[in-house]
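A quick write-up on the structure given underneath.
The values are calculated or read from the model by the stated rules, or taken from the named source; none is laboratory data. In this text, all values refer to a predicted model and were calculated from it rather than measured experimentally. Cβ placement follows ideal geometry from the backbone for every residue including glycine, while neighbour counts extend to all protein chains displayed. Side chains are part of the model used for accessible areas, which takes the heavy atoms of the whole protein and leaves out ligands, DNA and RNA. Shrake-Rupley method; radii C 1.70, N 1.55, O 1.52, S 1.80 Å.
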Amino acid sequence: MLIKRTHGWELPERQATSESTYLARRTLVKAMGLGALAAGVPGLALAEDPSAKLYPAKKNDTYGMPTPMTAEKLATTYNNFYEFDDGKNLWRLAQKLPVRPWTVKVSGMVEKPFEIDIDSLLAKMPLEERVYRHRCVETWSMIVPWSGFAMKSLVEFCKPASGAKYVVMTTLSNPSVMPGQKDVIYPWPYVEGLAMDEAMNDLTFIATGLYGKPMPKQNGAPLRLVAPWKYGFKNVKSIVSIAFTDKRPVSFWEKLNDNEYGFWANVNPQVPHPRWSQATEKPLGSSDRIPTQIYNGYGEFVAGLYEGRKAEKLFM
Ligand SMILES: Nc1nc2c(c(=O)[nH]1)N[C@H]1C(S)=C(S)[C@@H](COP(=O)(O)O)O[C@H]1N2
Ligand SMILES: [Mo]
């Protein structure tokens, strides 16, 4: 049985764009109306974060320094986080997310399963800052400075078994603070996966901070994936579980609609989404669209991963 409802992800591109412009404008007007108070709210939550002293981390420009940087205000008030809301204006609601204590469970095909709390993990990982492009499948994009560590460091720390082929990451389940998780139309919890060689690629990042501060809740505190050559939905937020497996996982959006959202989801301007073109994108805060690049501009780092996978649906 299918229930017909209209979601953000069901809108044709033109409508989605006008909705996002509307929401962005509304957020700005609200913030202006509330003045300094609204501007300070995300900061208030950060003041309690025990990891605040770790940021800003040392810059690593090995993967480029793309410009222009998206305004912090925009990147932290225009979000996708369906656990809170299926619109973009959810940053206030997301302040309910409890980020301490926070435990990450490591399981599956590993030498020994274990759990680790976020602050112990942060103390063990080599923190750095990287400026990456982000390209949402809905065609908006941004350029932001993430802080965190190479996913490779985390994978090595987990000691996966040699037979592990995929790593599966899962978002917190807590419907009492995440109202979207009460909506049974979605296959909660949010799950995403990478092939092992993707997870071990130097570009693949686990972000724990943004703009030189601990990760805002609405952006996926306290840790989220950043795989910048893939559509944004791969970048699972607020991770509580990392599991290694030899079976390819079915991710959240793939379960919902595998004809529109696949496992690989690599950015490619020449492969349209079934309902809209992917040829161009709209940077947050800009009124003009710009051309989208293959692998979101990161082909020199990641194209080789797919040489032996040409038979797969790599761009959806
Ligand atoms: N748990 C969870 N992770 C998620 C999402 C989500 O709804 N839930 N949305 C994804 C999508 S579609 C995008 S574009 C990015 C948005 O990240 P941002 O809000 O930090 O820009 O998060 C991704 N990670
Ligand atoms: Mo997205």
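Work out the length of the dipole vector of the range 142-217 about its Cα centre, built from +1 on the beta-carbon of each Lys and Arg and -1 on the beta-carbon of each Asp and Glu, and round it to the nearest 20 debye. Each step should come with its number before you reach the end.
On the way: 6 positive and 6 negative charges, 52 e Å.
Here the range 142-217 has a charge dipole of around 260 debye.
Say the cut-off is 20 Å between C-alpha atoms; which of Lys124/Lys213; Lys59/Lys213; Lys96/Lys255; Lys58/Lys213; Lys73/Lys217 go over it?
Working: Lys124/Lys213 18 Å; Lys59/Lys213 13 Å; Lys96/Lys255 27 Å; Lys58/Lys213 12 Å; Lys73/Lys217 14 Å.
With Cα atoms farther than 20 Å apart: Lys96/Lys255.
Which residue, Tyr298, Gly262, Thr139, has the largest displacement toward the positive end of the dipole of the range 14-309 when charges sit on each Cβ (Lys, Arg +1; Asp, Glu -1)?
Thr139
For a protection proxy built on the mean count of beta-carbon atoms within 10 angstrom, sort 209-217, 258-266 highest first, please. Before the final figure, lay out each step's value.
Values: 209-217: 23.3, 258-266: 18.3.
Going from most to least packed, we get 209-217, 258-266.
Calculate, for the range 14-309, the solvent-accessible area per residue in square angstrom, rolling a 1.4 angstrom probe over the heavy atoms of the protein chains. Each step should come with its number before you reach the end.
Working: 12360 Å² over 296 residues.
For the range 14-309, the solvent-accessible area averages 42 Å² per residue.
With a 10 Å radius around each residue's Cβ, average the other Cβ atoms per peptide and rank 163-169, 81-87, 310-316, highest first.
In decreasing order of mean packing, 163-169, 81-87, 310-316 become 81-87, 163-169, 310-316.
Pull out a ≥ b ≥ c, the square roots of the eigenvalues of the alpha-carbon gyration tensor of the range 143-273, then state rounded if a/c is under 1.5, prolate if not and a/b is larger than b/c, and oblate in the remaining case.
In terms of gyration-tensor shape, rounded.
With each label point set 7 Å from Cα along the Cα-Cβ vector, what nm distance links Arg289 and Ser162?
Rounded to a tenth, the inter-label distance reads 5.0 nm.
For the range 14-309, what is the convex hull (Cα atoms) projected area averaged across all directions, in square nanometres?
Values: hull surface 59.2 nm².
Taking the Cα atoms of the range 14-309, their convex hull projects to 14.8 nm² on average.
Between the alpha-carbon centers of the range 110-139 and the range 243-268, tell me the distance in whole angstrom.
The two parts, judged by their Cα centres, are 20 Å apart.
Read phi for every residue in the range 260-270 and hand back ³J(HN,Hα) as whole Hz from Karplus 6.51 cos²θ - 1.76 cosθ + 1.60, θ = phi - 60°, with x for Gly and Pro.
10, 9, x, 6, 7, 6, 7, 5, 8, x, 8
Net charge near Ser162, counting Lys/Arg +1 and Asp/Glu -1 over other residues with Cβ under 15 Å of its Cβ?
Here the count lands on -1.
How large is the dipole of the range 122-166 about the Cα centre if only Lys and Arg carry +1 and Asp and Glu carry -1, each at its Cβ, rounded to the nearest 20 debye?
Computed about the Cα centre, the dipole is about 160 debye.
When DSSP beta bridges are limited to those with both residues in the range 14-309, what percentage is antiparallel, rounded to the nearest 5?
Among the beta bridges of the range 14-309, antiparallel pairing accounts for roughly 85 percent.
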